[in-house]
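In what follows, a structure is listed as C-alpha cells, so that the remarks can point back to it.
The values are calculated or read from the model by the stated rules, or taken from the named source; none is laboratory data. Here the structure is a predicted model, which means the values were calculated and not measured. Virtual Cβ from ideal backbone geometry, glycine too; neighbours counted across all protein chains shown. Heads up: the accessible areas ignore ligands, DNA and RNA and are worked out on the full protein's heavy atoms, side chains in. Shrake-Rupley method; radii C 1.70, N 1.55, O 1.52, S 1.80 Å.
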There are 2 protein chains.
Amino acid sequence: MLSVVILGTGNLAMHLFRAFSRSSGVRVVQVVGRNPESLYWFSGLVSTTTDFTIIEDADVYLIAVKDDATAEVSHHLHGKKGVVAHTSGTVEMDALIPENRGVFYPLQTFTKGKDIDFEKVPICIEAKEEQSLIILRSLAHTLSQNVHEVHSEQRKKLHLAAVFVNNFTNYLYAVGEEICIKEGLPFDLLKPLILETAEKIQSMSPKEAQTGPARRNDQKSMQDHLKLLDNEKHIALYKLMSEAIKQAYEKKL
Amino acid sequence: MLSVVILGTGNLAMHLFRAFSRSSGVRVVQVVGRNPESLYWFSGLVSTTTDFTIIEDADVYLIAVKDDATAEVSHHLHGKKGVVAHTSGTVEMDALIPENRGVFYPLQTFTKGKDIDFEKVPICIEAKEEQSLIILRSLAHTLSQNVHEVHSEQRKKLHLAAVFVNNFTNYLYAVGEEICIKEGLPFDLLKPLILETAEKIQSMSPKEAQTGPARRNDQKSMQDHLKLLDNEKHIALYKLMSEAIKQAYEKKL
C-alpha cells in the first residue's frame with residue numbers, strides 16, 4: 001500500500017484525492033494547503049494542515065498547486081525520503097528541488113463537481129531516478145490502465161496539443177452556441193454533433209475524418225458562410241481555419 | 001405507416017435507409033440513384049432504379065443528393081402527391097420545384113460504416129404547406145425524439161455553426177495528432193481529453209467551461225507555447241484563437 005501526501009487544494013487535488021480514496025492500493029495520509037477554506041473540503045476525510053513545516057512522511061508527495069508555486073512548494077519537501085512529483089503539464093521536472101523528483105501528470109480536463117473515470121485517463125510519468133519512476137508507475141497504475149513515460153520536452157508539446165484539442169475546441173463550441181442563440185435556436189441542437197465529432201476520432205484519424213466546405217474546396221459554400229457572419233473574430237477564424245484545412249489537403253494531392 | 005422514396009445513394013441516404021428500416025412506422029418503397037454501383041448497396045433490401053422517370057408513389061420523397069443537384073432532382077418529382085423534401089443544411093427550401101416542398105435535415109455527421117443512434121439526432125423540418133409539415137414531423141418522429149421546426153435562414157446559420165463545432169473542431173484534433181506524432185507520442189493520449197471536452201458541454205455552457213492560458217490571460221504560457229510551434233498555420237491559429245478567447249472574456253469583466 002502506497003502512502004501519499006497531496007499538496008494543494010484545487011480542482012486537480014480534489015479529483016486525485018477522490019480517485020485515490022476509491023483505490024485499494026493507496027492511502028492519502030495528509031492534504032497540505034495554504035488556504036483553510038479550500039482545505040475545509042478535505043477535513044474529516046483526511047488529516048489536513050496549512051503548515052508546510054509539519055508535512056507527514058509518505059512514499060509520494062504530489063504537488064498540485066499553481067504552476068508558478070510548484071518550485072517553491074517543493075522546497076518544503078527537501079530531505080524527505082519519498083518521491084516528490086508535480087502534476088503540471090508545463091513545469092519542467094527539474095524545477096523541483098529534491099533529488100528524488102518526478103512528474104505525475106494526468107492528461108485530462110477536470111471540472112469541479114463532475115466525476116472523472118480515472119481508469120482511462122492517460123497518466124504521464126517521469127522521474128530523475130529509476131527507483132522513483134518505479135514508485136510513480138505503481139502509483140499511476142492504481143488509478144489508470146493508461147500510464148506512459150513522457151519526458152519534460154514531450155510533456156510540454158503534449159500540453160500544447162491539449163490546448164488545441166481542449167481550450168480551442170471549447171471556444172469553437174462557444175462560437176456555435178453564440179450563433180444558435182442569435183438565431184433563437186437552442187444550443188442543444190449542436191450537442192449530438194459535438195459528441196459524435198469527438199467519438200468519431202476515437203477509432204479514426206482526424207486527418208481521414210475531415211469533411212466540410214474547406215476540405216472539398218467548395219468556394220461557394222465558404223463565401224456564403226462568410227456573408228452570414230458578423231463577428232470580426234469569427235470571420236477571421238473562419239478564413240484562417242478554411243485556409244489551413246485547404247492547405248493541409250492540397251499538399252497531399 | 002408512411003411510405004418513403006429516397007433519392008440519392010450517398011452516406012446520408014444509406015444512414016436514412018438503415019434507420020427507416022429499423023423503424024416500424026415507415027416503409028422505404030424505393031431508392032433512386034444515378035450511380036448503379038452505389039445503388040448496389042441497397043439492392044435486395046429494397047426496390048431500386050437508376051431511372052428517374054419511374055419513381056414510385058409515396059407519402060414522402062427524400063432528396064439526399066449533392067447540394068447543387070437537389071433542385072434538378074426535384075424536377076422529376078413535379079406532380080407527385082407526396083411531400084418532396086431535401087435533406088441539406090444549406091439549400092433553401094424554395095430551390096425545390098414542387099409545391100408540396102419541404103426540408104428534412106438531420107443535424108449530424110454521418111460516417112460510412114459507423115452506426116448512428118438516430119433517436120438523439122436533431123431533425124430540422126420545414127415545409128411550405130401545413131399539411132406537408134405535419135407529415136414531415138410525423139416521419140421525423142419515427143426516427144428521433146428531437147424534432148425542430150427550423151426555417152431556411154435559421155438552418156443556414158445552424159449549418160454554419162455546425163462547420164465551427166464539427167469541421168473546424170476536427171481540424172484542431174488533426175493539429176493535436178500532428179504535434180503528438182512529431183514527438184513520437186501516440187495520439188491516443190489525447191483521446192480521453194477530446195471526449196471529456198465534448199461531454200463537458202452537454203451539461204454546461206461552453207462559455208463557462210472555457211479554461212486555458214488565453215482564458216486567464218497567462219502571457220508567459222502563451223509565449224512558451226508559440227515558441228514550441230513551427231508550423232506557420234498553427235502559429236497563426238494559436239494567436240488568433242488566444243486573441244479571440246481573451247477578448248471574449250475581457251468584454252465580460
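Among the conditions (1) hydrophobic (A, V, I, L, M, F, W, C); (2) within 7 Å of chain A (Cβ to nearest Cβ); (3) over 25 Å from A:Lys227 (Cα atoms), the only one that B:Ile181 does not satisfy is (2). None of B:Pro98, B:Pro106 is open to solvent by less than 10 Å² (accessible area, probe 1.4 Å), more than 14 Å from chain A (Cβ to nearest Cβ) and in contact (Cβ under 8 Å) with a residue 12 or more places away in the chain except B:Pro98.
Quick check on A:Leu185: is it in a helix (DSSP H, G or I) and either closer than 20 Å to B:Val91 by Cβ or within 24 Å of the chain's Cα centre (by Cα) (or both)? So A:Leu185 does not fit the description; no. Inside the stretch A:86-114, residues that are more than 16 Å from the chain's Cα centre (by Cα) and of a type in the set (A, V, I, L, M) make up a count of 4. In the stretch B:120-131, the condition of being in a helix (DSSP H, G or I), open to solvent by 10 Å² or more (accessible area, probe 1.4 Å) and either modelled with pLDDT under 95 or facing chain A (nearest Cβ under 9 Å) (or both) is met by at least one residue.
Restrict the check to the stretch A:234-247 and report whether at least one residue is polar (S, T, N, Q), surrounded by fewer than 17 Cβ atoms within 10 Å (Cβ to Cβ) and more than 30 Å from A:Ala140 (Cβ to Cβ). Within the stretch A:234-247 (the criterion being polar (S, T, N, Q), surrounded by fewer than 17 Cβ atoms within 10 Å (Cβ to Cβ) and more than 30 Å from A:Ala140 (Cβ to Cβ)), the answer is yes, since at least one residue qualifies. For the stretch B:72-88, check the following and say yes or no: at least one residue is open to solvent by 10 Å² or more (accessible area, probe 1.4 Å), of a type in the set (Asp, Glu) and part of a loop (DSSP other than H, G, I, E, B). No, there is no match, as no residue in the stretch B:72-88 is open to solvent by 10 Å² or more (accessible area, probe 1.4 Å), of a type in the set (Asp, Glu) and part of a loop (DSSP other than H, G, I, E, B).
When the stretch A:132-162 is examined, which residues are found to be within 13 Å of chain B (Cβ to nearest Cβ), open to solvent by 20 Å² or more (accessible area, probe 1.4 Å) and not aliphatic (A, V, I, L, M)? Correct list: A:Gln145, A:Asn146, A:His148, A:Glu149, A:His151, A:Glu153, A:Gln154, A:Lys156, A:Lys157, A:His159. The number of residues in the stretch A:204-247 that are of a type outside the set (Asp, Glu), outside any loop (DSSP other than H, G, I, E, B) and more than 7 Å from chain B (Cβ to nearest Cβ) comes to 12.
Scanning the stretch A:188-203 for residues that are open to solvent by 20 Å² or more (accessible area, probe 1.4 Å) and either part of a helix (DSSP H, G or I) or at the interface with chain B (Cβ under 7 Å from one of its Cβ atoms) (or both) yields A:Asp188, A:Lys191, A:Pro192, A:Leu195, A:Glu199, A:Gln202. What's the total number of residues in the stretch B:48-71 that are farther than 19 Å from B:Gln131 by Cα, open to solvent by less than 50 Å² (accessible area, probe 1.4 Å) and in a loop (DSSP other than H, G, I, E, B)? Selection size over the stretch B:48-71: 4.
Residues that are under 23 Å from the mean Cα position of the chain (by Cα) and farther than 22 Å from B:Ser74 by Cβ within the stretch B:12-54 comprise B:Arg18, B:Ala19, B:Ser21, B:Arg22, B:Ser23, B:Trp41, listed in sequence order. For the stretch A:111-142, the set of residues classified as aliphatic (A, V, I, L, M) and either without any contact (Cβ under 8 Å) to a residue 24 or more places away in the chain or not assigned by TED's automatic domain parsing to the domain that holds A:Asp94 (or both) consists of A:Ile134 only. Take B:Lys157 and tell me if it is among the basic types (Lys, Arg) and touching a helix residue (DSSP H, G or I) at 6+ places or on another chain (Cβ under 6 Å). It is true that B:Lys157 is among the basic types (Lys, Arg) and touching a helix residue (DSSP H, G or I) at 6+ places or on another chain (Cβ under 6 Å). For A:Ser24, the conditions (1) modelled with pLDDT of 95 or more; (2) not β-branched (Val, Ile, Thr); (3) not in a strand (DSSP E or B) are fulfilled apart from (1).
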